[in-house]
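Colleague: If you scroll down you'll find the structure; I have some questions about it.
The values are calculated or read from the model by the stated rules, or taken from the named source; none is laboratory data. What you are looking at is a predicted structure, and each value in this text was computed from that prediction instead of being measured. Cβ: placed from backbone, ideal geometry, glycine included. Neighbour counts: every protein chain shown.
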Amino acid sequence: MTGGPTARSRRARRARVDRIVTRLAASVTWHAPVMNLVKDQAGDPWTLLAGTILSLRTKDEVTHGATKRLVAIAPSPAALLDVPERTIADTIYPVGFYKTKARSLRATARLLVDEHGGDVPADRDALLALPGVGRKTANLVLALGFEIPAICVDTHVHRISNRLAFCETDTPDETERELEEVLPRRHWLTINELLVGFGQAICQPVSPWCSRCPIRRSCPRVGVDRSR
């Protein structure tokens, strides 16, 4: 029967991924990533978009503080346009590339006001057209800001998905496409929070804590040369 084995294999992969992710989610004991904390405190798409732009190459605690300070003086894109770029830069310091991000935030706010009525669009293509917004940021805003199923793939999600043999990919974009095939849709909204926390606490890039891992018996440890 043509295509039978492929269909069965796909179903088996999805079932395996579902079991592992479900088991991991039931074992969570680590802290939520910074943007999930921001969502819990504010939740609006503008705060999430601004905070995600600020988070690039910046520690979580720095991002969290900078996002709170920025939104306090600019709670909307329109309000941000009334703030001088120098003030924005001073407000978000010491995030990485704070001067560049200040320019990017103003450019983003201008587009949102001019083309979207001052609102953050609930559309991936529209988000990707904004300065400083890539697929990771767009999907995070869709998932956390609008609860639209989207898989946000950062370095943790990319690394762990390959380590668990959910996929065999070279880039985050490839991982996103593969996960859309094998990850049941009910996990799309939560997979980033789950794997980022897991990656920070247990499944670290170098010498992961396999002895503490709640899913170690299901993990093929792809690419792991040394563990604890």
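Colleague: Inside the range 126-183, can you point out the residues that are in a helix (DSSP H, G or I), closer than 25 Å to R106 by Cα and among the aliphatic types (A, V, I, L, M)?
Modeller: A126, L127, L128, A138, L140, V141, L142, A143, L144 - these are the residues of the range 126-183 that are in a helix (DSSP H, G or I), closer than 25 Å to R106 by Cα and among the aliphatic types (A, V, I, L, M).
Colleague: Oh, and also: Restricting attention to the range 215-223, does a residue exist that is over 18 Å from the mean Cα position of the chain (by Cα), among the basic types (K, R), over 20 Å from R57 (Cβ atoms) and not in a loop (DSSP other than H, G, I, E, B)?
Modeller: Here is the first cut: in the range 215-223, the ones over 18 Å from the mean Cα position of the chain (by Cα) are 215-223.
Then drop every residue that is not among the basic types (K, R), which leaves 216-217, 221.
Those left that are additionally over 20 Å from R57 (Cβ atoms): 216-217, 221.
Keeping just the survivors that are not in a loop (DSSP other than H, G, I, E, B) gives 216-217.
The answer is yes; a qualifying residue exists.
Colleague: Looking at A126, is it in contact (Cβ under 8 Å) with a residue 24 or more places away in the chain and assigned by TED's automatic domain parsing to the domain that holds L48?
Modeller: Values: in contact (Cβ under 8 Å) with a residue 24 or more places away in the chain: no; assigned by TED's automatic domain parsing to the domain that holds L48: yes.
So A126 fails the test.
Colleague: Take R135 and decide whether it is outside the structural domain of R177 (by TED's automatic domain parsing) and within 30 Å of E176 (Cα to Cα). Spell out the reasoning first.
Modeller: Numbers: outside the structural domain of R177 (by TED's automatic domain parsing): yes; within 30 Å of E176 (Cα to Cα): yes.
Yes; evaluated as a whole, the condition is true for this residue.
Colleague: crowded, with 17+ Cβ neighbours inside 10 Å, farther than 23 Å from R124 by Cα and in contact (Cβ under 8 Å) with a residue 40 or more places away in the chain: is that true of V83 in this structure? Full working, then the answer.
Modeller: Details: crowded, with 17+ Cβ neighbours inside 10 Å: yes; farther than 23 Å from R124 by Cα: yes; in contact (Cβ under 8 Å) with a residue 40 or more places away in the chain: no.
Against the criterion (crowded, with 17+ Cβ neighbours inside 10 Å, farther than 23 Å from R124 by Cα and in contact (Cβ under 8 Å) with a residue 40 or more places away in the chain), V83 does not qualify.
Colleague: Would the range 111-126 turn up any residue that is surrounded by 17 or more Cβ atoms within 10 Å (Cβ to Cβ), β-branched (V, I, T) and closer than 30 Å to R186 by Cα?
Modeller: Within the range 111-126, one or more residues are surrounded by 17 or more Cβ atoms within 10 Å (Cβ to Cβ), β-branched (V, I, T) and closer than 30 Å to R186 by Cα.
Colleague: Of a type outside the set (S, T, Y), within 25 Å of D82 (Cβ to Cβ) and in the same structural domain as T58 (by TED's automatic domain parsing): does that describe A107? Can you show your working first?
Modeller: On the way: of a type outside the set (S, T, Y): yes; within 25 Å of D82 (Cβ to Cβ): yes; in the same structural domain as T58 (by TED's automatic domain parsing): yes.
So A107 fits the description; yes.
Colleague: So, in the range 167-176, of the ones that are in contact with a helix residue (DSSP H, G or I) (Cβ under 8 Å, 6 or more places away or on another chain) and farther than 20 Å from L56 by Cβ, which residue ends up surrounded by the fewest Cβ atoms within 10 Å (Cβ to Cβ)? Break it down into steps so the answer makes sense when it comes.
Modeller: So the first thing to find is which residues in the range 167-176 are in contact with a helix residue (DSSP H, G or I) (Cβ under 8 Å, 6 or more places away or on another chain), and the list is 167-169, 171-173, 175-176.
Those still in the list that are farther than 20 Å from L56 by Cβ too: 167-169.
On the way: C167: 19, E168: 11, T169: 17.
In this case the residue turns out to be E168.
Colleague: Taking the options L179, L164, L189, name whichever one is surrounded by 16 or more Cβ atoms within 10 Å (Cβ to Cβ) and at pLDDT below 95. Outline the logic, then answer.
Modeller: Numbers: L179 fails: at pLDDT below 95; L164 fails: at pLDDT below 95.
The unique qualifying residue is L189.
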